[in-house]
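Chemist: I have a structure here, written as structure tokens, and I will follow up with some questions on it.
The values are calculated or read from the model by the stated rules, or taken from the named source; none is laboratory data. This structure is a prediction, so every number in the text was calculated from the model and none was measured. A quick note on method: Cβ atoms are made from the backbone with ideal geometry, for glycine too, and the neighbour counts reach across all protein chains shown. These accessible areas exclude ligands, DNA and RNA; they are computed on the full protein's heavy atoms, side chains included. Shrake-Rupley method; radii C 1.70, N 1.55, O 1.52, S 1.80 Å.
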Amino acid sequence: MTLIIRVLRRTVVIGLLAVSVVSVQLAAAQSAPSPAAAAAAADKYLWLEDQHAPAAVAWAKARRDAAMAELSSKPEFPVVLGELRERLAESAPFPTLFLLGDHFVRLTRDADHPAGLLQTAPKTAGHVPPQWRTVLDVGVLNRAEGANYSLSGVGMFDFPDRCLPPAFNRCLLAFSPGGSSSLELREFDLKTGHFVADGFRTPANRSITAWLNADTLLIAHSLYGSPALPSNFPAVVRIWKRGQPLADAKPLFQAPPTTSLVEVNAFGDGAARRGVLKVIEDYSTIDYQLIDQQGGLSKIDLPQKVKYVGRVALSYPFLSVQLAAAATLGGKPYPAETIVAYDVRPEVKGPQKYRPIFAPGANTYVSDSPEGTGAGVAFVESRDLKKTLVVARPTRKGWEVRPVLSAPPGVALSILKPDGVTSSLLVKQEGFLVPASVSMVGAGGETVQIEAGKPILDASNFRVGIRSARSKDGTLVDYYLVSPRRPRPGPVPTLMSGYGSFGVDFDPDYFSSGLGRGMASWLSRGGAYAAAAIRGGGERGEAWHLAGVGLNKQTSFDDFIAVGEDLVSSGFTTPAHLGAFGRSGGGLLTAAMAAERPDLFGAIYVGVPVTDVGALSTSGSGIIKGQKSEFGDWDDPAALRVILSYSPYQNLRAGIHYPPILIMTSTEDNQVGPGQARKFAARLEDVGAKPLLIEEPQGGHGVPDQVRQPELVAAETVFFIDALMK
């Protein structure tokens, strides 16, 4: 989940009397507890929020053992676990791939190598498959060092940003101990397959880095008492020279304490290479600065309201963003959702610094953030949940934009993070019934497949459709429905999922998220699956996102309920055969379903969730602390009342019949924290329900890992089979 924290803008008060009055008011405010803090203080389960407290861990372990004993005793458990292991042996999870300069990089995992193999191959021409060479076996490293490292998840998402151009052989590998979001960085040479002697290295921490040159890193870290933001992320960006102790790295910038997050990127090569500093106030309010080779800062004059937490498409000399609100740039007005390029070269002045790239038309949206390549910018256009890859390149007359690749309904297109220098890029396609594949797309649109996954299910037995439901306020909400072509008589057992937060598109995937390979076991038994594109997500642009945030958060839940009711009213299924599952922001969604509509669902899965929204500022739950812009300002009494009206933890009631509820978390989840799941389970027990809580010691926010923890995926799957397919 992406970090968001709202910043409080302060007004400069002129005059000694005014200053003294403000100081008194601030002092009073600081001495008095906030409404949310006061509410938390009265919470009898506050002690469960302490992530590693022995009493809280022991409490959770007792419930974990009981839950696993119950689920593993079901007759279907050994059968489903066997199916999972067989599918993993036949077809490992699809690897993570990147194109860096003249070579590919691949992280692959299977049952024999659950920690992963890091591999490289020369970039191939024509249809010759890459010849992979293993440069690091993470399992061997773990055994040699007595560690529990992983390179998956957050550690690999922005891998190209941590490799040094133009050769891209020197990379900062980000190791996640036990699935934690705190990462240990180690400089590695992809060409030799060895860690660099006396290279850059940090202990595990919340760090953000970028190469300024071969011997210099830009870094923000949370070590040695360095100042931190309320989000627990670092507040200070430093310049770190090779051979210098990290503690001695020179500070370049310190963010004020009201900031959500600071990030650094870099682009260009040689003397022209520049760093980009992003000061993130909230989810869409960003300030940008340019960092030169000496560490000097200069403002980048872009609007503050931009999408995707200020992610930028870097293609030197252009820095491109997508506007979250209408803006005037260089004297010209641009509507919201426009992708705009900014020229960082100092010799380019005034209005010439801004060039519009693309403005979506009616009912057309850009899925996820644009990406920079050596040829320009690439992005995925979405219309009625159908995806098209679009590439744009700068010309003397402006940007030339053209579609190069389209996917059928129910198949997602995503750009794998490019290096910003190479003209070609890698594009991934996958659908609910279409195995993942990755192709290299050249600057001219030519396409060569690089990797293809194996099918694990006979797709001819199923169909994928796109349907719509009418929400409480009359808005139509689209959803995918994967269903049997020849269903058995009667209601179809159906699982529903959604996300509806942070402007994230809820795209199709091939048995990799949600229940993973467990979904194949569900479908093969005659089940169906619905994926709802509810408000709060980004399926219809920023307006769709904003319609489901803050004081409008209930709209997300209303949309999900509408989809469930549509499945029931159409005769497709019944509440007794309808299940809901979600993780992270989707965990909040399904926890809300348990509180608001327990009558609509026969079983509910709540994964790594937020459940007590009003306590986010006091729960010690890592980066979730400051997400006021998404969920509402819990320090505003009026807003807190709205938050508490939908916060699941506060809305469980005695005397209500709750369906079976399974809650999954990890002790090492320092992104949301296990406390929110523990408290929700405790409160359900209070009101007479019998929830199942599984808190794994390892796994972090990505728990469960279907390669390392197939028994947990089997438990999730059997939970639904037992509850909905009897």
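Chemist: Would you tally the net charge around GLU90, using a Cβ to Cβ cut-off of less than 14 Å, leaving GLU90 out, and scoring K and R as +1, D and E as -1?
Modeler: Value of the local net charge: -1.
Chemist: What nm value, rounded to one decimal, do you get for the distance between GLU400 and ILE656 when each label is placed 7 Å out toward the C-beta?
Modeler: It is 5.9 nm.
Chemist: May I ask for the net charge around MET664, where only other residues with Cβ less than 9 Å from the Cβ of MET664 are counted and Lys, Arg are +1 while Asp, Glu are -1?
Modeler: Values: positive: ARG583; negative: GLU695, GLU696, GLU716.
Result for the neighbourhood of MET664: -2.
Chemist: Still on this structure, I have one more. Take the cross-link list LYS123/LYS299; LYS191/LYS428; LYS305/LYS332; LYS349/LYS628; LYS332/LYS386; LYS299/LYS332 and give me the ones stretching past 27 Å between alpha-carbons. Intermediate results must be reported in sequence, preceding the final value.
Modeler: On the way: LYS123/LYS299 38 Å; LYS191/LYS428 25 Å; LYS305/LYS332 16 Å; LYS349/LYS628 37 Å; LYS332/LYS386 31 Å; LYS299/LYS332 20 Å.
Violating the 27 Å limit, Cα to Cα: LYS123/LYS299; LYS349/LYS628; LYS332/LYS386.
Chemist: I need the chymotrypsin sites (Phe, Trp or Tyr not before Pro) found in the stretch 155-251, filtered to DSSP loop residues with at most 14 other beta carbons within 10 Å of theirs.
Modeler: For chymotrypsin sites (Phe, Trp or Tyr not before Pro) across the stretch 155-251 that sit outside H, G, I, E and B with at most 14 neighbouring Cβ atoms in 10 Å, the list reads PHE157, TYR224.
Chemist: Suppose the chain between ALA638 and ALA271 were pulled fully straight at 0.36 nm per residue; how much longer would it get relative to their current alpha carbon spacing?
Modeler: Stretched out fully, the ALA638 to ALA271 stretch lengthens by 126.8 nm.
Chemist: Further question: Using heavy-atom solvent-accessible surface (probe 1.4 Å) with all chains present, what is the largest-first order of LEU71, LEU546?
Modeler: On the way: LEU71 5, LEU546 85 Å².
Reading off the accessible areas and sorting them downward yields LEU546, LEU71.
Chemist: I want to check the label-to-label distance for VAL687 and SER298. Put each point 7 Å from Cα in the C-beta direction and report it in nm to one decimal.
Modeler: In this crude label model, VAL687 to SER298 measures out at 5.8 nm.
Chemist: For the chain, just say rounded, prolate or oblate: build the C-alpha gyration tensor, square-root its eigenvalues into a ≥ b ≥ c, call rounded for a/c under 1.5, and beyond that prolate if a/b exceeds b/c, oblate if not.
Modeler: Since a/c stays below 1.5, the shape of the chain is classed as rounded.
Chemist: Would you work out the relative contact order for the stretch 253-390, in percent, from Cα pairs under 8 angstrom that are 6 or more residues apart? Write out the running numbers ahead of the final one.
Modeler: Details: 298 pairs, mean separation 20.4, N = 138.
That works out to 15 percent.
Chemist: Per residue, how large is the accessible surface of the chain? Use a 1.4 angstrom probe and give square angstrom.
Modeler: Result: 38 Å² of accessible area for each residue.
Chemist: Oh, and also: Where does the charge balance sit around LEU71 when Lys and Arg score +1, Asp and Glu -1, over other residues with C-beta under 12 Å from its C-beta?
Modeler: Around LEU71, the surrounding residues sum to -4.
Chemist: Roughly how many Å² of VAL309 are accessible to a 1.4 Å probe, to the nearest 10?
Modeler: Spelled out: VAL309, probe radius 1.4 Å, area about 10 Å².
Chemist: Then there is this: For the chain, what does the relative contact order come out to in percent, with C-alpha contacts under 8 Å and a separation of six or more?
Modeler: 13 percent
Chemist: Label ARG485 and ARG345 with points 7 Å out from Cα along Cα→Cβ: what is the distance between them in nm?
Modeler: Here the answer is 5.7 nm between the modelled labels.
Chemist: Using only the Cα atoms of the stretch 236-293, build the gyration tensor, take square roots of its eigenvalues as a ≥ b ≥ c, and label the shape rounded, prolate or oblate: rounded if a/c is under 1.5, else prolate if a/b is larger than b/c, else oblate. Please report the intermediate quantities before stating the final value.
Modeler: Working: a/c = 3.05, a/b = 1.31, b/c = 2.32.
Oblate shape, in that a/c is at least 1.5 and b/c is the bigger or equal ratio.
Chemist: May I pose another question? Considering only DSSP states other than H, G, I, E and B, which GluC sites (Glu not before Pro) in the stretch 406-469 qualify as loop sites with at most 11 other Cβ atoms within 10 Å?
Modeler: Here the sparse-neighbourhood loop sites are GLU446.
Chemist: Follow-up question, since we're still on this one. State the extension gain, in nm to one decimal, for the chain segment bounded by PHE195 and ARG525, taking 0.36 nm per residue of separation less the distance between their alpha-carbons.
Modeler: Extra length from PHE195 to ARG525 when fully extended: 114.0 nm.
Chemist: Over the chain, with every protein chain in place, what whole percent of the accessible area is carbon and sulfur at 1.4 Å, could you tell me?
Modeler: Exposed carbon and sulfur together represent 55 percent of the surface.
Chemist: Also, I was wondering about something else. According to the square roots a ≥ b ≥ c of the eigenvalues of the Cα gyration tensor, what is the shape class of the stretch 579-726, taking rounded for a/c under 1.5, prolate for a/b larger than b/c otherwise, and oblate for the remainder?
Modeler: oblate
Chemist: Using C-alpha positions alone, give me the convex hull volume of the stretch 257-365 per residue in cubic angstrom.
Modeler: Per residue, the Cα convex hull of the stretch 257-365 comes to 101 Å³.
Chemist: Which of the helices in the chain, when you take each full DSSP H run, stretch at least 20 Å along the axis at their Cα atoms and have an average Kyte-Doolittle score of -0.5 or higher?
Modeler: Within the chain the helices that satisfy the rule are 16-31, 54-72, 76-90, 553-569, 710-724.
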